[in-house]
Every structure is written in structure tokens, then in C-alpha cells.
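The values are calculated or read from the model by the stated rules, or taken from the named source; none is laboratory data. Because the structure is predicted, anything quoted here is derived from the model rather than measured. Ligands, DNA and RNA are excluded from the accessible area calculation, which covers all protein heavy atoms including side chains. Shrake-Rupley method; radii C 1.70, N 1.55, O 1.52, S 1.80 Å.
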Amino acid sequence: RAAAPPPLTGKRALVTGAGQRVGQAIALALGAQGMHVGVHYRESRAGAEQTAQGIVDAGGRATLLSADLASREQARALVEQALAELGGLDLVVASAASFEKIALADVDDAAWDRSLDLNLASPFALVQHAVPALRQSRGSVVFITCSSATVPMRGYLPYVVSKGALQHLMKTLALELAPEIRVNAVAPGTVMPPPSYDPDAVARLARAIPLARVGSPQ
């Protein structure tokens with residue numbers, strides 16, 4: 001008796017920021033479930049190629065897609081690329097983001113725009129442009145937000161504001177697009193701190209978490 005195919009076989013997903021960190025883990029997991037995954041990257045081509053190879057090795061399908069999501073125009077073009085390469089969309093996962101530490105006094109227009117464009121404006125443009133395809137498939141949207149959207153942290157003001165707004169965008173789009181399209185968000189806590197983080201600082205973060213450990217992307 002032949003084994004049943006993975007549960008999401010034949011479904012199509014676009015995952016932004018899939019060349020590294022959380023986005024990479026999501027893309028790999030979806031591919032292992034049988035999805036044809038559009039693996040988006042901007043600069044992390046080598047990481048995106050690793051993601052794609054991992055999906056193929058697990059029996060899934062992967063297509064590399066490149067775009068600079070600081071641009072809303074390129075976000076919309078990315079959707080067009082995905083539709084052309086994947087033949088439709090059942091899922092959009094908006095994971096690409098910037099995480100910039102910056103002092104309040106140094107938050108100028110450029111710093112503000114870097115976070116708000118990539119972390120908020122671009123995900124909206126991406127989803128808005130994907131709505132017709134997602135309505136056709138009765139698909140789903142998942143935003144990757146952050147625990148700081150509800151409990152702010154110091155030193156990352158534009159980032160925290162962008163993630164808080166993204167959380168509210170999720171709730172608003174869920175109302176606007178129901179019942180054909182489901183819209184949700186995942187807000188991780190401390191997951192895979194950047195390499196620049198001091199190990200002692202990571203240990204302090206872990207001690208403040210009830211489970212006493214930092215999470216992994218998986």
C-alpha cells in the first residue's frame with residue numbers, strides 16, 4: 001500500500017525572507033508538507049538556494065524569487081512572479097523584515113522609512129496584490145510579527161512601531177477579506193538572536209522567559 005502524499009501536496013506558497021532565519025524554517029516546513037514554495041530573497045541568494053535544495057530533498061518543489069521589498073512596486077512584482085512560476089497562490093507568508101537597533105535621537109526620516117517600508121507598507125502591498133489569487137483558492141495569509149508589538153522594547157523604536165502596526169493590519173485585513181481569505185499572524189518572542197548579541201545578554205533574556213530558554217526558528 002503506497003504512502004499517502006504529504007497533506008499540502010499541490011498547494012502553492014510564497015514565503016518572503018526565505019533565505020535565512022525564521023523565513024527559511026517556514027519555507028522548509030511547508031516544502032516538507034508537499035507545497036510548491038516560492039522562496040523569496042533579496043541579498044541571501046546562497047541561503048535561498050540552500051532552502052530550495054532542502055525543500056527538493058524533502059520531496060517538495062521550490063522556485064527562487066528575488067525582490068527588494070523595501071519597494072512596494074517590487075512587492076507587487078514579486079506576486080506577479082510567484083503567480084507566473086507557481087500557477088497560483090494558496091498561502092502568502094510575510095516574513096522578510098529589518099531589525100535595526102537605533103537610539104531615539106538617531107531616528108531620522110531614513111531610519112523610519114527603512115522599517116516602515118519593509119515591515120509594514122510592503123507586506124500590505126504584497127497581500128493587496130495577491131487578493132484575487134487568494135480569493136480564487138480560498139487561501140491564507142500569515143504575517144510574522146513580534147512580541148514587541150504588544151510589549152515594546154527599548155532601542156528599536158521604528159521596528160517596534162512597524163510590528164505593532166502590522167499586528168493591527170492583520171486584524172483589519174482579516175475583517176476585510178473574510179470569509180474567502182484567512183489572515184493570521186505569528187508573534188514570536190526571543191527566537192534566534194542576531195550573532196551580534198552578547199552571549200551574556202542572551203542568557204539574561206532566557207532567564208526572563210518562563211520556559212527559561214530562547215526559541216528556535218523550528
Roughly how tilted is helix 72-86, in degrees to the nearest 10 and between 0 and 90, from the longest Cα axis of the chain? 30
Can you give me the accessible area per residue for the chain, using a 1.4 Å probe, in Å²? 53
Checking a compactness column here: for the chain, what do you get for Rg(Cα) / (2.2 N^0.38 Å), N being the number of residues? 1.03
Need the list of lysines near Lys163 for cross-linking: C-alpha distance under 21 angstrom, and skip anything on the same chain fewer than eight residues off. Lys101, Lys171
For Leu64, the residues 5 or more places away or on another chain with a placed amide H closer than 5 Å to its own amide H are Val39
Work out from phi, with θ = phi - 60° and the Karplus expression 6.51 cos²θ - 1.76 cosθ + 1.60, the ³J(HN,Hα) of each residue of the range 98-113, listed in order in whole Hz, and give x for Gly and Pro. 9, 9, 9, 7, 7, 6, 3, 5, 9, 6, 9, 4, 5, 5, 4, 5
Whose amide H sits under 5 Å from the amide H of Val183, counting only residues 5 or more places off or on another chain, with H placed in the peptide plane? Val141
Leaving out same-chain residues fewer than 8 places away, which lysines sit with a Cα under 23 Å from that of Lys11? none
Express in nm, to one decimal, how much length is gained between Ala208 and Arg154 on full extension, taking 0.36 nm for each residue of separation and deducting their alpha carbon distance. 17.9 nm
Helix 157-177 axis, angle to the chain major axis (alpha carbon atoms, nearest 10°): 40
So how much accessible area does Glu43 have, in Å² to the nearest 10, using a 1.4 Å probe? 150
In degrees, nearest 10, range 0 to 90: what is the angle between the Cα axis of helix 122-137 and the longest Cα principal axis of the chain? 30
Square roots of five times the Cα gyration tensor eigenvalues for the range 131-186, Å: 27, 9, 8
Convert each backbone phi in the range 58-68 into a coupling constant with the Karplus relation 6.51 cos²θ - 1.76 cosθ + 1.60 (shift: θ = phi - 60°), then list the ³J(HN,Hα) values in order as whole Hz, x for Gly and Pro. 8, x, x, 10, 9, 10, 6, 9, 10, 6, 9
Under 10 °C and 1.306 mPa s, how fast does the range 105-159 diffuse according to Stokes-Einstein, given a Kirkwood radius computed over C-alpha pairs? Answer in µm²/s, whole number. 120
